[in-house]
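Undergrad: Take a look at this one; I'll ask things after.
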Amino acid sequence: MYKTKAYSAASATSPLASATIPRRDPTDRDVQIEILFCGICHSDLHSVRNEWSSFIPTVYPIVPGHEIVGRVTQVGSAVTKYKPGDLAAVGCMVDSDGTCTQCQAGLEQFCKNTTFTFNSADKHLGGVTYGGYSDSIVVDERFVLRVPANLNLAGAAPLLCAGITTYSPMRHWGVTKGKKVGVVGLGGLGHMGVKFAHAFGAHTVVFTTTPAKKEDALRLGADEVVVSRNAAEMQKHAGSFDFILDAVSADHDINAYLNLLARDGNLTLVGAPSKPLGVAAFALLAGRRSLSGSNIGGIAETQEMLDFCGAHNITADVEVIPIQKANEAYERLLKSDVKYRFSIDMASLKAG
Ligand code: NAP
Ligand code: ZN
């Protein structure tokens, strides 16, 4: 075991603050990574403030962060894919049983024994796992990903959650050329959704509550932008979408979007507001529409997504911040004031 610097919160109402945490010494199968950048996901905020207490209660202290890129510093003797000096990435998961039907299908995110990057039981050290707002992390090789060399590292970090969470359902639901696709909420996830829908050749429409994001949405690849608070603008799109990705972090009227789906259209929720959303039966019955959810993506698909991003030069649009600004960044997320992902330069942790 060794100690490393981190930022952690002591309770749901405490700010993130400097801390020292333990990490295991790498086992034969482990890769030790010096963390260079870590994205700030709204899930970090939900977890730090225990907003998902009914589903995944937070254990304190919590070290959030699951959009990790860095450099390999040490590998165990059985590690074959990485060597010291390589770029490497870690997303939302650091382990799973590897034997169940979900793992066999490459869907480790649905394994009953998945170890998530933070706030999951730590089978090595006891207690819970600690995430990427830290200097270094030790992860089983099976959960370490390769970062294409051409990608900007600060912008690549958010691909590990915001990227795969939007890429995976779009692949699953067949987003492609000729499809009309909506993306609701232009935050970290939403802006990656726009980039992927555009890259897949779909006609892409952004729904935003923030009129000032209109020009950015077009620059990011949207063909049209709708200010969702404007009922007349919404009505123009009634019954016309093949697929809508809902990436909103807070309570909102989902029926307004279900009504925009065409026959057999699907709305997939990736946003995870803490309170249940009310669904009007008739919004689904009319047109045999469906509503579903999606949770990140498996490891193989995450690598596929990273390679796709390498080939198409896709990264997140990031505002790079020192870790000392993490609390401020959380407050800005709550005001939808994010363009379009905060990426923490982890060198600031060493300095601070
Ligand atoms: P984010 O960067 O804060 O973006 C959320 C966006 O939602 C905002 O920028 C805003 O976009 C919109 N929004 C916020 N409050 C709203 C409200 N009251 N009504 C309507 N729209 C509102 O968050 P994120 O990191 O992208 O995460 C989004 C959600 O996905 C979070 O709940 C997060 O926990 C969840 N998540 C799920 C998964 C998964 O695997 N399913 C993975 C990662 C994150 P506009 O300004 O454009 O309206
Ligand atoms: Zn996330």
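What follows draws every value from the coordinates through simple rules; no lab data is involved. Quick caveat, the model's predicted, so the values are computed rather than measured. FYI the Cβ positions are ideal-geometry reconstructions off the backbone, even for glycines, and counts take in every protein chain you see.
Undergrad: Compute the distance in nm between two label points, each set 7 Å from the Cα along the Cα-to-Cβ direction, one at Gln235 and one at Ala272.
TA: The answer from the label model is 3.7 nm.
Undergrad: OK, next. Across 5 Å bins from the origin, how do the percents of Cα pairs in the range 163-293 run, short distances first?
TA: 2, 12, 24, 26, 23, 10, 3, 0
Undergrad: Under a cut-off of 20 Å between alpha-carbon atoms, report the aspartates and glutamates in cross-link reach of Lys123, not counting same-chain residues fewer than 8 places apart.
TA: Reachable aspartates and glutamates: Asp25, Asp28, Asp30, Asp95, Asp97, Glu108, Asp140, Glu141.
Undergrad: Computed FRET efficiency, Cβ-Cβ of Thr101 and Asp253, R0 22 Å: what is it to the nearest 0.05?
TA: 0.05
Undergrad: If you wrap a convex hull around the alpha carbons of the chain, what volume per residue comes out, as a whole number of Å³?
TA: Values: hull volume 45.1 nm³, N = 352.
Here the figure is 128 Å³ per residue.
Undergrad: Below 17 Å, Cα to Cα, which aspartates and glutamates can Lys177 reach? Residues fewer than 8 away in the same chain don't count.
TA: Once the sequence-local aspartates and glutamates are set aside, what remains near Lys177 is Asp223, Glu224, Asp242.
Undergrad: Here's another thing I want to ask about it. Under a point-charge model restricted to the Cβ atoms of Lys and Arg (+1) and Asp and Glu (-1), what is the dipole moment magnitude of the chain relative to its Cα centre, in debye to the nearest 20? Let's see the in-between values first.
TA: Working: 33 positive and 34 negative charges, 68 e Å.
Using only the charged Cβ atoms, the result is roughly 320 debye.
Undergrad: For a quick check: with amide H placed at 1.01 Å from N, whose amide H comes under 5 Å from Leu260's, ignoring anything fewer than 5 positions away on the same chain?
TA: Gly239
Undergrad: Using the Karplus curve 6.51 cos²θ - 1.76 cosθ + 1.60 with θ = phi - 60°, work out ³J(HN,Hα) for each residue of the range 78-84 in order, rounded to whole Hz, and write x for Gly and Pro.
TA: After applying 6.51 cos²θ - 1.76 cosθ + 1.60, I find 9, 6, 10, 8, 10, 9, x Hz.
Undergrad: Can you tell me which lysines have their Cα less than 23 Å from the Cα of Lys179? Leave out same-chain residues fewer than eight positions away.
TA: Output for Lys179: Lys195, Lys214, Lys236.
Undergrad: Next question. So the label point goes 7 Å from the Cα of Arg146 along Cα→C-beta, right? Which residues of the range 289-324 then have their backbone N under 16 Å from it?
TA: Correct set: 299-312.
Undergrad: Per residue of the range 189-194, in order, report the coupling 6.51 cos²θ - 1.76 cosθ + 1.60 (Karplus, θ = phi - 60°) as ³J(HN,Hα) in whole Hz, putting x for Gly and Pro.
TA: 5, x, 5, 6, x, 5
Undergrad: Turning to a different aspect of this structure: Given Cβ point charges of +1 (Lys, Arg) and -1 (Asp, Glu) and nothing else, what value in debye, to the nearest 20, does the dipole of the range 217-337 about its Cα centre take?
TA: 420 debye
Undergrad: HN-Hα J couplings of the range 166-180 from phi, Karplus 6.51/-1.76/1.60, θ = phi - 60°, integer Hz, Gly and Pro as x?
TA: Whole-Hz 3J(HN,Hα) from phi for the range 166-180: 9, 5, 4, x, 5, 5, 4, 8, x, 6, 7, 4, x, 8, 9.
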